[in-house]
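All remarks here apply to the structure that follows.
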Amino acid sequence: FQKKLFLYQKESGSFVHFTEDLVKFFDVLEEIYDSNQTILNFYIGEIDKQEDVLYERSASAAFMDNWFDLKKDISRIDRYFGRQLIAYKDMVKWMNKHKSGFEAYALSFVHDIQFSLSNAQGGLTRLDNLHHYYSSIKNDKLNRNIYLLTILSGVFLPLNLIVGFFGMNTEGLFFKENPHGTLYVVYTLSGILFLSLVGTNIFRILDRYVLNRILGQTSFYKRLEQRIGKIEDNFSLKL
């Protein structure tokens, strides 16, 4: 077993003998860690943006595509930090065995890697929560559409049945003697369809901009403000 340090060159796919001292070696490791942490922070920031978009009910049609890309990349980062943690722990054991004098410094790297690994795993958990919430929103919309179709079917199918089976032998039907009766029926059905679509959009607007803000965020912040006020009174804090 050689007591030498080697660096892996990704471009050439080979290990190169590191001739500098341990101080320089840890400087290289610190640069690598800072670069990896910057990448991880970028992905965590993207998760924050996805959370804000979803919780504001303004998610785009490409939300699941973005979610999948984040899930895939952060899963790779999680595996990377897991393997890196094993290597750093082995390095700490080796330094403790040979009394290199850098044991505490190496151990601090282990703690940093553990923090990054925990941060990546927390990001994966947040993505899972976003997926569950997004699925619940989609299921709720689907249930509303099914309910609307059920109502429309309950109205028009009996009318279709009556007209189909009894229309030719029934007197006093609407627009029977009117030469423009078919056109009036088309206008009526188009108006009902238009009102259904407009009414659904109006309900969504009321739910997003009126009910959600008045009964949702405003009420939440009022309760939070009261809660902070109670804590401030109990502990005499000046926030």
Going residue by residue through the range 7-15, is there one that turns out to be over 32 Å from the mean Cα position of the chain (by Cα), hydrophobic (A, V, I, L, M, F, W, C) and farther than 16 Å from Ser108 by Cα?
yes
Would you confirm whether or not the range 24-35 contains a residue that is farther than 21 Å from Phe81 by Cβ and assigned by TED's automatic domain parsing to the domain that holds Gly101?
yes
The one condition in (1) touching a helix residue (DSSP H, G or I) at 6+ places or on another chain (Cβ under 9 Å); (2) modelled with pLDDT under 90 that Lys138 fails to fulfil:
(1)
Tell me, yes or no, whether the range 72-95 has at least one residue that is surrounded by fewer than 12 Cβ atoms within 10 Å (Cβ to Cβ), assigned by TED's automatic domain parsing to the domain that holds Gly123 and either touching a residue at least 60 places away in the same chain (Cβ under 8 Å) or within 30 Å of Lys141 (Cβ to Cβ) (or both).
yes
Filter result for Val92 (in contact with an Asp or Glu (Cβ under 7 Å, 6 or more places away or on another chain) and at pLDDT below 90)
yes
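The values are calculated or read from the model by the stated rules, or taken from the named source; none is laboratory data. This one's a predicted model, so the numbers in the text were calculated from it and none came from an experiment. All Cβ positions, even for glycine, are placed from backbone atoms using ideal geometry, and neighbour counts span all protein chains on display.
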